[in-house]
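Accompanying notes for the structure given below.
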Amino acid sequence: MSIQSRLARGVLTAGALAVGTGVLVEPVAAQWARVHEQFYLPADHNWVFRDNYAGADRLFNAFDYGHAILYEELYRRPNGPVERLEVREYDFLTKGLLKRPPRVPLEEGAIEVAYAKLAPEAKNMFHWAHILHRQLYDVLADERLTQAGKDAAVAEVLAYYRSRPEVAFSAVPRSMDVMDGHHYSLAFRERYPKFNGLIWAYHWLQVGLYEPLLVHDDGASRTAGVNATVGRFWQMLENAPESMPYLMPMTAGVAPAFAQRYPEASIIFDNLHMMHDVISDVLASPEVPRDRKRAEILRAAAMFRDDTTYAISVDEWRMMGDMMGVHNMGGVAVGFIPDLPTPTVPRGMSMAGMDHSGMQGGEMDHGETQQGQELHDHEQQAREPGEGVDHAAMGHAPPMTSMSAEHTRLMMAIHARLMADPVIRERLAADPELRRMMDEMHAGMPGGHAREGMGEGEHETEPVMEFILRLLADPEIEARIHADPRLHALWADPGVQRLLHARRR
């Protein structure tokens with residue numbers, strides 16, 4: 001059956017739904033969903049992304065179909081053969097629909113007819129968040145706006161999104177327990193590894209596309225960056241599921257510049273993607289009886305709207321992504337090397353049980369939980385010989401008075417490789433503040449005395465860290481770090497990330 005006929009068939013079945021201010025729920029639920037639909041905030045930037053980046057925009061229309069058919073199949077045929085999703089629908093998406101995506105957004109309720117009647121509240125939450133996604137792409141893609149204008153427009157769109165608390169995701173970050181810590185958790189990813197990987201690749205692209213729109217300074221560079229990021233998405237599908245993300249992509253890892261500038265939007269999107277996983281697990285799990293599916297979905301929806309359930313701090317959220325490893329999430333969205341990053345954890349590994357109370361200065365206490373210890377063990381096994389970190393002290397961020405010789409060596413190696421880059425040297429020459437820091441650093445290193453309370457080598461490393469942080473504030477330099485495999489490996493070392501995070505604080 002052709003793509004067009006399959007989509008048309010879904011649209012024809014939409015007669016089973018009431019269209020307007022509400023959506024009928026199955027008779028067994030015996031209630032109405034009293035949430036209305038609402039459209040874009042009127043603005044000049046609306047649909048700019050569609051005009052400027054039609055190929056990427058149409059992919060999102062295909063993604064809408066993928067999410068909708070997934071929920072419909074899981075709910076209609078909970079005991080159906082795995083091949084319906086893992087082969088039939090997966091092949092239809094990856095070999096057909098994604099290659100020839102629809103030109104306009106789809107009405108998901110026309111595809112997920114039974115699911116939309118089961119949980120219209122959750123459907124409306126997803127729809128409202130997807131509108132937020134689309135409007136933020138438009139803002140960042142509008143070449144008429146200055147950066148200040150874009151910041152103002154993002155704030156306005158976020159305020160519009162928050163104006164509907166009955167469907168808006170919370171902007172408070174969640175621990176991984178909200179996704180992986182329930183009796184039904186992991187059911188979907190364990191039974192459907194390819195389709196789960198496809199959903200995570202979707203989510204990688206959805207947050208990843210903000211990065212090239214933000215870090216590049218002109219339209220031509222943004223277009224090249226968007227094309228490269230879309231190309232990376234296709235690369236993830238080449239050898240499924242091995243080439244797909246092994247853990248759920250987190251915005252702070254995949255799109256660090258976007259997460260730094262717009263943390264509220266980034267947290268909303270991470271919560272959105274977590275809830276997608278939760279609902280997939282609820283529908284796929286035999287541990288949730290059919291007559292309890294709706295109740296569990298509504299419970300999850302309420303958790304993601306409030307500001308307290310499984311809540312963690314913004315600092316913990318940022319470091320959670322670091323500790324999970326961006327290479328396990330598909331990698332960064334800009335400045336990547338040609339080869340896909342090598343995962344260092346089992347595919348679909350549970351991240352439940354992370355002890356966020358063990359984070360000081362953003363570092364996670366590996367030894368507090370079995371999952372944390374497993375992650376630590378896999379990372380350590382994957383590390384090259386001679387690049388280990390003093391893990392004996394990793395329960396807490398080490399104070400500046402106890403920096404190990406290994407940390408000093410890693411920071412100095414990063415500094416040396418940065419200064420070997422001609423673009424970075426040119427950037428240094430053009431920035432008086434960077435030149436001043438460099439001169440002071442070099443003046444203090446040869447025969448300088450350790451500052452009071454610092455161990456051997458720390459008087460050298462502390463100014464190096466401040467210098468590196470200054471360089472990292474430049475998106476082009478950060479992109480070059482991720483483009484250099486050796487430099488990226490040094491930068492991504494958990495010990496280095498801990499020290500840099502502590503210095504930022």
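The values are calculated or read from the model by the stated rules, or taken from the named source; none is laboratory data. Keep in mind that what you see is a predicted model, and the values were worked out from it rather than measured. With ideal geometry, Cβ positions are generated from the backbone for all residues, glycine too; neighbour counts draw on all protein chains shown. The accessibility values were calculated without ligands, DNA or RNA, using every heavy atom of the protein model including side chains. Shrake-Rupley method; radii C 1.70, N 1.55, O 1.52, S 1.80 Å.
Residue check: is V139 surrounded by 15 or more Cβ atoms within 10 Å (Cβ to Cβ) and out of contact with any His (no Cβ under 8 Å at 6 or more places or on another chain)? Walk me through it before giving the result.
Numbers: surrounded by 15 or more Cβ atoms within 10 Å (Cβ to Cβ): yes; out of contact with any His (no Cβ under 8 Å at 6 or more places or on another chain): no.
No; evaluated as a whole, the condition is false for this residue.
Show the residue pairs that are 6+ apart or on different chains and have beta-carbon atoms under 6 Å apart, the first residue being within the stretch 221-239 and farther than 19 Å from D91 by Cα and in contact (Cβ under 8 Å) with a residue 24 or more places away in the chain, the second being open to solvent by less than 40 Å² (accessible area, probe 1.4 Å) and not hydrophobic (A, V, I, L, M, F, W, C).
R222/P212; G225/P212; V226/Y53; V226/P212; T229/G208; T229/P212
Which residues, taken from the stretch 256-292, are open to solvent by 10 Å² or more (accessible area, probe 1.4 Å) and under 16 Å from E121 (Cα atoms)?
Within the stretch 256-292, just R292 meets the criteria.
Of all residues in the stretch 293-331, which are outside any helix (DSSP H, G or I) and farther than 16 Å from D177 by Cα? It would help to see each step written out before you state the result.
If we filter the stretch 293-331 for residues that are outside any helix (DSSP H, G or I), which is where we start, we get 306-313, 325, 329-331.
Residues satisfying the conditions are G325, M329, G330, G331.
Here is a yes/no grid of residues against (1) open to solvent by less than 30 Å² (accessible area, probe 1.4 Å); (2) in contact with a helix residue (DSSP H, G or I) (Cβ under 8 Å, 6 or more places away or on another chain); (3) acidic (D, E); (4) at pLDDT 75 or above:
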| residue | (1), (2), (3), (4) |
| --- | --- |
| H391 | no, yes, no, no |
| G395 | yes, yes, no, no |
| P398 | yes, yes, no, no |
| A405 | no, no, no, no |
| A413 | yes, yes, no, no |
| R417 | no, yes, no, no |
| E433 | no, yes, yes, yes |
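Go over the candidates D339, D315, D355 one by one and state the one that is surrounded by fewer than 18 Cβ atoms within 10 Å (Cβ to Cβ), under 30 Å from E166 (Cβ atoms) and modelled with pLDDT of 50 or more.
On the way: D339 fails: under 30 Å from E166 (Cβ atoms); D355 fails: under 30 Å from E166 (Cβ atoms).
Answer to the check: D315.
If E211 satisfies every condition in (1) more than 15 Å from the chain's Cα centre (by Cα); (2) crowded, with 24+ Cβ neighbours inside 10 Å; (3) of a type in the set (D, E, K, R) but one, which is the exception?
Result: E211 fails condition (1) only.
Give the residues of the stretch 157-175 that are of a type in the set (G, A, S) and either outside any loop (DSSP other than H, G, I, E, B) or surrounded by fewer than 21 Cβ atoms within 10 Å (Cβ to Cβ) (or both), sorted by residue number.
Looking only at the stretch 157-175, we keep the residues that are of a type in the set (G, A, S), and these are 159, 163, 168, 170-171, 175.
Those that are of a type in the set (G, A, S) and either outside any loop (DSSP other than H, G, I, E, B) or surrounded by fewer than 21 Cβ atoms within 10 Å (Cβ to Cβ) (or both): A159, S163, A168, S170, A171.
Out of all the residues in the stretch 233-254, which are over 24 Å from D151 (Cα atoms) and either small (G, A, S) or open to solvent by 10 Å² or more (accessible area, probe 1.4 Å) (or both)?
W234, Q235, L237, E238, N239, A240, P241, E242, S243, Y246
Pull out all pairs, ordered by first then second residue, where Cβ-Cβ is under 9 Å, the residues are six or more apart or on different chains, the first lies in the stretch 81-92 and is modelled with pLDDT of 95 or more, and the second is in a helix (DSSP H, G or I) and among the small types (G, A, S).
E89/G66
What are the pairs, 6+ residues apart or on separate chains, where a residue within the stretch 93-111 that is over 19 Å from D51 (Cβ atoms) has its Cβ under 6 Å from a residue that is assigned to a loop (DSSP other than H, G, I, E, B) and at pLDDT 85 or above?
T94/L237
Are any residues in the stretch 181-194 part of a helix (DSSP H, G or I) and either closer than 23 Å to D57 by Cβ or open to solvent by 10 Å² or more (accessible area, probe 1.4 Å) (or both), and if so, which ones? Even if it seems obvious, please write down each step before you answer.
As a first pass, look at the stretch 181-194 and keep what is part of a helix (DSSP H, G or I): 187-191, 193-194.
Listed by number, the residues that qualify are A187, R189, E190, R191, P193, K194.
Here are Y210, Y192: which of them is under 20 Å from L136 (Cβ atoms) and either free of Cβ contacts under 8 Å to residues at least 24 places away in the same chain or out of contact with any Cys (no Cβ under 6 Å at 6 or more places or on another chain) (or both)?
Values: Y192 fails: under 20 Å from L136 (Cβ atoms).
Among Y210, Y192, only Y210 is under 20 Å from L136 (Cβ atoms) and either free of Cβ contacts under 8 Å to residues at least 24 places away in the same chain or out of contact with any Cys (no Cβ under 6 Å at 6 or more places or on another chain) (or both).
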